[in-house]
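In what follows, a structure is listed as structure tokens, so that the remarks can point back to it.
The values are calculated or read from the model by the stated rules, or taken from the named source; none is laboratory data. Every value quoted in this text rests on a predicted model; they were computed, and no experiment measured them. Because the Cβ atoms are built from the backbone with ideal geometry, glycine has one as well, and the counts that use them run over all protein chains shown.
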């Protein structure tokens, strides 16, 4: 009789179908709180590195969205049954450079910008996005504006929007 009760308890303690742990990979822990995790059409919740989700018996889209990283995958009840932890890999968004209060006709010449030819020159407001392969990426540019001294800068970009404060020295 005691053996049956233990077996009955074990059956009750087992996870129901379509319930599993999802682990988010590919982003620094410090960035988690600035992103949201959504299961199906449910309300977004603050992202943590691991979350318990219930998807029932249907295929469900799980997503991470935020200013710096993004990721999504379809999750099935079979995925939950076959693994202790299901992985959701996220990728960094392209880096965007924004220059508020820029001098008139400010240009940026790429000295070292991944994915951009060396020597290409852009108006600050039309600077191209930079594909991110890691959590940060250094670029080097030359800043020019009429009536100001030329300035060379190394800028550390993060995925998503990056603000560059520019204060050039007048000639």
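Worth a mention:
- Test: residue in region 139-150 that is under 19 Å from residue 31 (Cα atoms) and assigned to a strand (DSSP E or B): no
- Answer residue from region 52-69, given it is crowded, with 18+ Cβ neighbours inside 10 Å and part of a strand (DSSP E or B) and is nearest to the chain's Cα centre (by Cα) among those: 69
- Residue 57 falls short on exactly one of the conditions (1) modelled with pLDDT under 90; (2) touching a strand residue (DSSP E or B) at 6+ places or on another chain (Cβ under 6 Å); (3) more than 18 Å from residue 84 (Cβ to Cβ), and that condition is (2).
To keep it simple, each residue is scored yes or no on (1) under 30 Å from residue 167 (Cα atoms); (2) in contact with a strand residue (DSSP E or B) (Cβ under 7 Å, 6 or more places away or on another chain); (3) not assigned by TED's automatic domain parsing to the domain that holds residue 149.
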position: 41; (1), (2), (3): no, no, yes
position: 44; (1), (2), (3): no, yes, yes
position: 49; (1), (2), (3): no, yes, yes
position: 63; (1), (2), (3): no, yes, yes
position: 79; (1), (2), (3): no, yes, yes
position: 87; (1), (2), (3): no, yes, yes
position: 100; (1), (2), (3): yes, yes, no
position: 120; (1), (2), (3): yes, yes, no
position: 131; (1), (2), (3): yes, no, no
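- Test: residue in region 21-37 that is assigned to a loop (DSSP other than H, G, I, E, B), surrounded by 14 or more Cβ atoms within 10 Å (Cβ to Cβ) and either over 11 Å from the mean Cα position of the chain (by Cα) or modelled with pLDDT under 90 (or both): no
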